[in-house]
Amino acid sequence: MSAQETISAVAQKTGDIGAAFYFTPETVGRGKEFGLGGFYFYIIGRGGVLGDVEPAVVHSAFGYFNPGMIEKLWNGGREKIAPRDAAREYIACAHAHGRAHFADLDGLEEYVAAVQKIFDAIDDSSFALFAGLKAEPVPSDAPAAAFHQAMVLRELRGSAHLTAIAAVGLPSVMAHAIKRPNDVATFGWAEGEVGEPTADDIAKRDRAEAMTNEILEPAFAVLTDDEAAALIAGTDVMHAALNSSV
């Protein structure tokens, strides 16, 4: 299996896995303990690995969102909790989610090792959100570690994709409107504020998607066939476990 085939096999499912804990009752409930609503905890918890920075820095790492929405949620969140503390609490929610759903799964240790090999090989220049999350410790138990690695791998693709979108000259909000046209308002954009994608916009977005895979290819190429198989198998079994619990 080629590196590109491996990337394609895990991309969508990794995105689903890494985000699975974001707005669960348990995660939202933990945020409320700090006086934070669900979106406030999401923004400062996910972005807290960047440190106590200005909202524009968070927006640069997230993309897609209306900058005014980021400013409101980030500043409101850090009135309640320091960003680095929020990040650790948010990551702890991710680990708890893995322990709750992955305790009986096989192959997780091999998955964790394969992902770590990718992380060790990647050049993370310009990937601020990924680099910040990657610097956080990996748990010692396999269920939490596997979820952790999937979460960080999701941020790797996200950071690479933002880089690719910028490279093709497509505003991130337009890329978002193409992929998730029904979620534009959720990301803080008013009706009519984002125009309809043109054929050129769509072509640029398709090129950015291909470029994202090209950026990731050298790191995935370090995997042996057995490691690539372990990465895919681990992704598949975690994704199935999460879907069965919905």
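Read the figures in this text as sums done on the coordinates, not as results from a lab. As the structure is a prediction and not an experimental result, all values here were calculated from the model. Positions of Cβ are generated from backbone atoms using ideal geometry, with glycine treated the same way; all protein chains shown enter the neighbour counts.
Of note:
- Of all lysines in the structure, those lying under 28 Å Cα to Cα from K32, and not within fewer than 8 positions of it along the same chain, are K72, K80, K134.
- Taking each residue as 0.36 nm, the span from R180 to S126 lengthens on full extension beyond its C-alpha to C-alpha distance by 17.0 nm.
- Straight-line cross-link partners of K204 among the aspartates and glutamates, defined as a Cα under 17 Å from its Cα and at least 8 positions apart when in the same chain: E196, E214.
- For A221 and V53, the difference between the fully extended length at 0.36 nm per residue and the C-alpha to C-alpha distance is 57.0 nm.
- Only one residue of L108, T186, G158 has its Cα farthest out toward the positive end of the dipole of region 94-246, where Lys and Arg carry +1 and Asp and Glu -1 on Cβ, and that residue is T186.
- Computed about the Cα centre, the dipole magnitude for region 103-216 is approximately 260 debye when only Lys and Arg (+1) and Asp and Glu (-1) carry charge, each at its Cβ.
- Spatially, region 36-77 and region 13-35 are offset by 15 Å when compared through their Cα centroids.
- Ordering of 90-100, 40-50, 185-195 by packing [mean C-beta count within 10 Å, highest first]: 40-50, 90-100, 185-195
- Across the options G234, A203, A175, the greatest Cα extent toward the positive end of the charge dipole of region 156-243 (unit charges at beta carbon of Lys, Arg, Asp, Glu) belongs to A175.
- Ordered by the number of other Cβ atoms lying within 10 Å of each residue's own Cβ, fewest first, D141, D226 fall into the sequence D226, D141.
- Order of T224, T27 - criterion: other Cβ atoms within 10 Å of each residue's Cβ, fewest first: T224, T27
- Correct option for semi-axes √(5λ) of the Cα gyration tensor in Å [calculated from the coordinates] among [x] 28, 19, 18; [y] 34, 18, 17; [z] 27, 24, 16: [z]
- Length gained on full extension, A19 to A190, computed as 0.36 nm times the residue gap minus the Cα-Cα distance: 59.1 nm.
- Listed peptides 201-210, 57-66 appear in the order 57-66, 201-210 once ranked by packing, highest mean of other Cβ atoms within 10 Å at the front.
- Cα centroid separation, region 150-215 to region 84-110 (Å): 28
- Point-charge dipole on Cβ atoms (K/R +1, D/E -1) for the chain, about Cα centre, debye to 20: 700
- When the Cα positions of G76, Q4, A128 are compared along the charge dipole of region 3-244, G76 comes out farthest toward the positive end, with charges on each C-beta of Lys, Arg, Asp and Glu.
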